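Q: Just passing along the structure, written as structure tokens.
FYI, it's all coordinate maths here, none of it is from the lab. As the structure is a prediction and not an experimental result, all values here were calculated from the model. Backbone-built Cβ (ideal geometry, glycine too); neighbour counts: all protein chains shown.
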Amino acid sequence: MIAAGFGAAGVLLLIALVARRRLPKWAVPSVAGLAMFSFAIWNEYSWYPRVRDALPDTVKIVSAPVESAFWQPWSYAFPLTKRFIALDLGAAVHSETSPNEFVAPVMVVARWTPTQNLPVAFDCAGGRRADLFRGGQLLGGGQIEGAEWVTPGPEDELLAAACNGG
């Protein structure tokens, strides 16, 4: 952002030098501020598409809500995505005894925070899932033990993404 401000101010000064014109005192700081403000807005709006496009094909986006904030009044007209949940099917570990049961990391990605990878067990035949980060575990043979299974229903986006391949 700072580089954008210096760059825009430098371009304006170069144009004034080539044109042999004297600039008003407010011109350089105004152009620098406008460039920095524009870059900040671009950076916020392009964050989600840049991160999404960098993910491998095996990662499926489950939820990406849009948000607005009062300190960003333009976001009421153009809401932006600041967080999303994704499922990494490429890192799934399938049960050797039950082919419809597997564990896959669920990625919770939010702007300005570290990404969290949470292990979640899925039972596609039973239409249920279990959060392994709450005490369940994956045994060496791929079996799931000690997890509290929940049956969220067919409208659950996470279960649908896991069992239908995204």
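Q: Just in the range 44-94: which chymotrypsin sites (Phe, Trp or Tyr not before Pro) are loop by DSSP and have at most 11 other Cβ atoms within 10 Å?
A: On the way: sites: TYR45, TRP47, PHE70, TRP71, TRP74, TYR76, PHE84; in loops: PHE70, TRP71.
When the chymotrypsin sites (Phe, Trp or Tyr not before Pro) of the range 44-94 are filtered for loop state and at most 11 Cβ neighbours within 10 Å, PHE70, TRP71 remain.
Q: So what's the angle, to the nearest 10 degrees on a 0 to 90 scale, between helix 2-19 and the longest Cα principal axis of the chain?
A: Around 30 degrees separate the two axes.
Q: Given R₀ = 30 Å, FRET efficiency for ARG50-PHE133 by Cβ-Cβ distance, to 0.05?
A: Values: r = 28 Å, r/R0 = 0.92.
So the FRET efficiency works out to roughly 0.60.
Q: Another question, then. Mind giving me the nanometre distance, one decimal, between the label points for ASP57 and ALA3, set 7 Å out from Cα along Cα→Cβ?
A: 3.2
Q: Quick check on the exposure proxy: order LYS82, LYS25 from fewest to most C-beta atoms within 10 angstrom. Spell out each step's value before the answer.
A: On the way: LYS82 19, LYS25 8.
Result, fewest neighbours first: LYS25, LYS82.
Q: Based on Cβ point charges of +1 for Lys and Arg and -1 for Asp and Glu, what charge dipole magnitude is obtained for the chain about its Cα centre, in debye rounded to the nearest 20?
A: Details: 13 positive and 14 negative charges, 326 e Å.
Charge dipole of the chain: 1560 debye, to the nearest 20.
Q: Please report the base-10 log of the normalised intensity I(q)/I(0) for the range 1-54, using a Debye sum with one equal scatterer per alpha carbon and no solvent, at each q in 0.12, 0.13, 0.26, 0.28 (1/Å).
A: Evaluating at q = 0.12, 0.13, 0.26, 0.28 Å⁻¹ gives log10 I(q)/I(0) of -0.36, -0.41, -0.92, -0.99.
Q: Now for a separate question. Just how large is the dipole of the range 1-54 about the Cα centre, in debye to the nearest 20, putting +1 at every Lys and Arg Cβ and -1 at every Asp and Glu Cβ? Don't skip to the end; give the middle numbers.
A: Numbers: 6 positive and 2 negative charges, 71 e Å.
I would put it at about 340 debye.
Q: Test of understanding: ordering ASP53, ASP123 by Cβ neighbours within 10 Å, fewest first, what list do you get?
A: Working: ASP53 7, ASP123 21.
Final ranking by Cβ density, sparse to dense: ASP53, ASP123.
Q: What's the long-distance tail for the chain, i.e. % of Cα pairs beyond 21 Å? Can you show the working numbers first?
A: On the way: 8348 of 13695 pairs.
Above the 21 Å cut-off, the chain has 61 percent of its Cα pairs.
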